[in-house]
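S.K.: Take this structure first; my questions come after.
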Amino acid sequence: MKIYSYSKLSTFENCPFQYKLRYIEKIKIDKDTIERFLGNIVHYTLEYTYLNRDKLLKKGNPKEAIKQLFNYFWINGSGKTKNFKEFEGYKSSILVVKRGRGPEDYKSMGERCIERYFEKYAPFDQNKILGMEKRIQIKLDPAGTYLLNGIIDRLDETAAGDLEIHDYKTGANAPSEAKMEKERQLPLYHIGVAEEFSGKKITLIWHYLMSGIEFRINKNEEQLQGIKTETMGVINEIEATQEFKTQKSGLCNYCEYYGTYCQ
Ligand code: SF4
């Protein structure tokens with residue numbers, strides 16, 4: 001049995017053919033979209049902010065300093081940033097799908113995300129941080145036959161000793177509460193975290209940075225079991241698939257294979 005991830009499973013559910021090209025044939029195409037790029041730069045900025053909180057807060061105008069940091073990452077990538085992961089800055093080959101919008105519009109949107117987050121969370125000391133970009137393994141069955149890998153944006157411990165799994169989203173629209181209840185990604189991370197830190201209360205928190213909306217959800221054992229069963233069902237379906245068919249949708253506009261491997 002292979003090891004899966006949330007993004008592998010959702011790729012298969014969105015388009016089995018894209019799954020085949022990306023994960024079975026491992027065809028790599030250097031084509032990024034502006035939404036993905038923006039999401040990454042916002043994530044890097046927040047991660048760096050938490051890691052360098054004391055230094056940034058000492059600046060005369062810390063909100064401006066963090067916005068400048070976002071702009072620096074947007075232009076230079078990790079550039080000359082010491083002791084931080086390496087990534088590239090904006091390049092003109094990044095795809096902008098939405099008509100009437102340019103890269104500068106997305107840059108302004110990113111700045112607004114950072115500004116709003118600052119206003120709500122500075123001085124960023126609400127909890128103790130246990131990990132950022134924290135890697136976890138998720139066991140779906142007792143034998144460990146069904147395994148997933150995951151990366152948590154931020155794992156916190158509250159003053160009461162409870163745990164919080166935080167996830168940053170930069171999509172333009174926040175989903176409805178009902179849709180959030182069906183979300184699978186953070187409940188899967190809950191399963192992985194509960195293995196590592198047993199007996200702790202765990203809260204799942206999604207930050208929709210563009211709209212400033214935050215969802216906080218707790219899952220009980222029965223709900224988590226349902227997610228395990230559902231996820232194992234998707235894995236079984238992938239393993240049994242012989243013909244990975246195309247599934248056309250609005251997502252084709254953002255697909256790296258559109259126009260080359262798939263028309
Ligand atoms: S272009 Fe659309 S149908 Fe083709 S692989 Fe990509 S997502 Fe699937």
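Readers should treat all values here as calculations from the given coordinates under stated rules, not as data from a laboratory. Since we're looking at a predicted model, the values are computed, not measured. Positions of Cβ are backbone-derived with ideal geometry, glycine not excepted, and every protein chain shown enters the neighbour counts.
S.K.: R0 = 51 Å: FRET efficiency of I24 with I75, Cβ-based, nearest 0.05?
M.R.: Working: r = 36 Å, r/R0 = 0.71.
Step by step, r from the Cβ atoms, then E = 0.90.
S.K.: Among rounded, prolate and oblate, which fits the chain when a ≥ b ≥ c are the square roots of the eigenvalues of its C-alpha gyration tensor, a/c under 1.5 means rounded, and a/b larger than b/c means prolate? Walk me through the numbers before you get to the answer.
M.R.: Working: a/c = 1.91, a/b = 1.14, b/c = 1.68.
Oblate, since a/c reaches 1.5 and b/c is not below a/b.
S.K.: Here's a follow-up. For the chain, modelled as a Gaussian network with Cα springs under 10 Å, which listed residue fluctuates most, I41, I29, I138?
M.R.: I29
S.K.: Moving to a separate point now. With an 8 Å Cα cut-off and a minimum separation of 6 or more residues, compute the relative contact order for the range 29-125 in percent.
M.R.: On the way: 82 pairs, mean separation 37.0, N = 97.
Relative contact order of the range 29-125: 38 percent.
S.K.: Can you tell me how much longer the chain between Q225 and N14 gets when fully stretched, taken as 0.36 nm per residue apart minus their C-alpha distance, in nm with one decimal?
M.R.: Details: separation 211, 0.36 × 211 = 75.96 nm, distance 2.34 nm.
Using 0.36 nm per residue and subtracting the Cα-Cα distance, I get 73.6 nm.
S.K.: Another one. At 7 Å along the Cα-to-beta-carbon direction for both Q247 and I3, put a label point, then send me their distance in nm to one decimal.
M.R.: 2.5 nm
S.K.: Could I ask something else about it? To the nearest 0.05, how large is the calculated FRET efficiency for K182 and K128 if R₀ is 35 Å and r is the Cβ-Cβ distance? Walk me through the intermediate numbers first.
M.R.: On the way: r = 31 Å, r/R0 = 0.88.
Efficiency at R0 = 35 Å is approximately 0.70.
S.K.: So, one more: Just subtract the alpha-carbon distance of R101 and N218 from 0.36 nm times their residue separation and send over the number in nm, one decimal.
M.R.: Values: separation 117, 0.36 × 117 = 42.12 nm, distance 3.74 nm.
Roughly 38.4 nm would be gained on extension.
S.K.: Among rounded, prolate and oblate, which fits the range 119-263 when a ≥ b ≥ c are the square roots of the eigenvalues of its C-alpha gyration tensor, a/c under 1.5 means rounded, and a/b larger than b/c means prolate? All intermediate terms of the calculation are to be shown ahead of the outcome.
M.R.: Numbers: a/c = 2.15, a/b = 1.30, b/c = 1.66.
Cα axes put the range 119-263 in the oblate bin.
S.K.: About the Cα centre of the chain, what is the dipole size in debye to 20, counting +1 per Lys and Arg Cβ and -1 per Asp and Glu Cβ, all else neutral? List each step's numbers first, then the result.
M.R.: On the way: 41 positive and 37 negative charges, 157 e Å.
That gives the chain a dipole magnitude of about 760 debye.
S.K.: If you place +1 on the Cβ of every Lys and Arg and -1 on the Cβ of every Asp and Glu, how big does the dipole about the Cα centre of the range 127-241 come out, in debye to the nearest 20? Don't skip to the answer; put the middle values down first.
M.R.: On the way: 14 positive and 19 negative charges, 36 e Å.
Charge dipole of the range 127-241: 180 debye, to the nearest 20.
S.K.: While we're looking at this one, here's another question. Once you charge only the Cβ atoms, +1 for Lys and Arg and -1 for Asp and Glu, what is the size of the charge dipole of the range 1-106 about its Cα centre, to the nearest 20 debye?
M.R.: On the way: 21 positive and 12 negative charges, 32 e Å.
Around 160 debye, computed over the range 1-106.
S.K.: While we're on this one: Return the single residue from G60, G161, G89 with maximal mean-square fluctuation; model: Gaussian network over the chain, springs between Cα atoms under 10 Å.
M.R.: Per the Cα network of the chain with a 10 Å cutoff, G60 tops the list.
S.K.: Give me the extension gain from K58 to E239: residue separation times 0.36 nm, minus the current Cα-Cα distance, reported in nm with one decimal. Could you put the intermediate results ahead of the total?
M.R.: Numbers: separation 181, 0.36 × 181 = 65.16 nm, distance 5.33 nm.
Contour length minus Cα-Cα distance gives 59.8 nm.
S.K.: Using label points projected 7 Å from each Cα along Cα→Cβ, tell me how many nm separate S211 and F84, to one decimal.
M.R.: Label at S211, label at F84, 2.9 nm between them.
S.K.: From the residues L155, I165, P142, which one has its Cα farthest along the dipole of the range 131-188 in the positive direction, the dipole being from +1 and -1 charges on Cβ of Lys/Arg and Asp/Glu about the Cα centre?
M.R.: The one lying farthest along the dipole's positive direction is P142.
S.K.: Hey, which of these cross-link pairs are over 22 Å Cα-Cα: K85/K169; K55/K200; K82/K120; K26/K80; K2/K28?
M.R.: Numbers: K85/K169 20 Å; K55/K200 32 Å; K82/K120 28 Å; K26/K80 32 Å; K2/K28 20 Å.
Violating the 22 Å limit, Cα to Cα: K55/K200; K82/K120; K26/K80.
S.K.: When the helices in the chain are scored as -39500 (n - 2.57) per DSSP H run of 4 or longer and the sum is shared across all residues, what 222 nm value do you end up with, to the nearest 500 deg cm²/dmol?
M.R.: On the way: 9 runs with 108 residues, N = 263.
That calculation yields -12500 deg cm²/dmol at 222 nm.
S.K.: So which GluC sites (Glu not before Pro) in the range 181-262 end up in coil per DSSP with only 12 or fewer other C-beta atoms within 10 Å? Mind showing how you got there, number by number?
M.R.: On the way: sites: E181, E183, E195, E196, E214, E221, E222, E230, E237, E239, E243, E256; in loops: E183, E243, E256.
In loop regions of the range 181-262 (DSSP not H, G, I, E or B), the sparsely surrounded GluC sites (Glu not before Pro) are E243.
S.K.: While we're here: For the chain, set up a Gaussian network in which alpha carbons nearer than 10 Å are linked by springs, and say which option among R99, R216, R53 fluctuates the most.
M.R.: R99
S.K.: Taking 7 Å along the Cα-to-C-beta vector as the label spot, tell me the C262-K120 distance in nanometres, rounded to one decimal.
M.R.: Label-label distance for C262 and K120, simple model: 3.3 nm.
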